[in-house]
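Since the structure comes first, as structure tokens, the remarks are kept for the end.
The values are calculated or read from the model by the stated rules, or taken from the named source; none is laboratory data. Note that the structure is a prediction, hence the values are computed from the model and not measured. Note: ideal-geometry Cβ built from the backbone for every residue, glycine included; neighbour counts use all protein chains shown.
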Amino acid sequence: MQILLFSLLAAGATILGGGLPLLHRRLSERHLTLLVAFSAGVLLSTGLNHMIPESYSVSGRWAMFAISAGFILLYGYEKVSMVHACREQDCKVHRFGPSALVGMGFHSFLDGFAIAVSFVFEESLGIIVIAAVILHRFPTGVSIACLLLGHDYREGRAWTILIVLASLALVGATTGAFMPAHDPFYLSLAVGISGGTFLYISTSDLLPMAHQNTQDYKVPALFLLGFFCVLAATLLDA
């Protein structure tokens, strides 16, 4: 029940973010960029300093295969379908159609899956992962809504798509919750796969978005703040 509640919060963060452009409320580009930079730092540090060590401590070198699989899985799908976190409404270099929507849904599914397997594996790890997911789902929701509006989707249809994509986090969480809790080896591999996706999203999606067309020194500062906040939590937990 807790896992579904937390994944519902992640879905709500996506809908809340997407609701800003859909309701014609402006979030300044600068503020969005800073939020993306901070969430990139949180996501990367969560993967590096929490998920990967926890996975490795149980499954050893197999964890590294799982982490690589998570990274390559997301990379392979995105490059095949040309799905990226894109804030620009015209987004000319990207194809936008069913495959792109599937890719966005896949991201949402993986976020819910990460919440579930991390929480089942170790509750303290799950709480950190939940915070990281919720932080980056908000700007993701903004990006999705801007893409839909930029490609002439009617507002009602855009709302429907946004809600469906956000709800896939619940599907991912339900899937992850069925991982065998009595078998820490396989559970740790699932955490490793999720950690690999966190590395990919933070380095390939969020950081390039944060640094796009900006020379604001606050971008790296917010990234480092997010990174070291999670790192501090690691040291306190040690």
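When M209 is tested against the conditions (1) outside any helix (DSSP H, G or I); (2) within 23 Å of E29 (Cβ to Cβ), the lone failure is (1). Give the residues of segment 3-37 that are outside any helix (DSSP H, G or I) and either on the phi > 0 side of the Ramachandran plot or touching a residue at least 24 places away in the same chain (Cβ under 8 Å) (or both), sorted by residue number. Matches in segment 3-37: H24, L27. Scanning segment 214-238 for residues that are touching a residue at least 40 places away in the same chain (Cβ under 8 Å) and not hydrophobic (A, V, I, L, M, F, W, C), we see that the one that is nearest to N49 (Cα to Cα) is T234.
Every residue, every condition in (1) of a type outside the set (D, E); (2) touching a helix residue (DSSP H, G or I) at 6+ places or on another chain (Cβ under 6 Å); (3) at pLDDT below 90; (4) within 13 Å of L22 (Cβ to Cβ), yes or no:
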| position | (1), (2), (3), (4) |
| --- | --- |
| I130 | yes, yes, no, no |
| H136 | yes, yes, yes, no |
| P139 | yes, yes, yes, no |
| C146 | yes, yes, yes, yes |
| D152 | no, no, yes, no |
| T160 | yes, no, no, yes |
| S167 | yes, yes, no, no |
| G172 | yes, yes, no, no |
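Scanning segment 185-213 for residues that are surrounded by fewer than 21 Cβ atoms within 10 Å (Cβ to Cβ) and closer than 14 Å to P53 by Cα gives a single hit, F185.
Taking each residue of segment 165-185 that is assigned to a loop (DSSP other than H, G, I, E, B) and looking for partners that are modelled with pLDDT of 90 or more with beta-carbon atoms closer than 8 Å, six or more apart or interchain, yields M179/A116; M179/V117; M179/Y186; M179/L187; M179/A190; P180/Y186; P180/L187; A181/L187.
Determine whether M82 is hydrophobic (A, V, I, L, M, F, W, C) and at pLDDT 80 or above. Write out each step before concluding.
Numbers: hydrophobic (A, V, I, L, M, F, W, C): yes; at pLDDT 80 or above: no.
Judged against the criteria, M82 is not a match.
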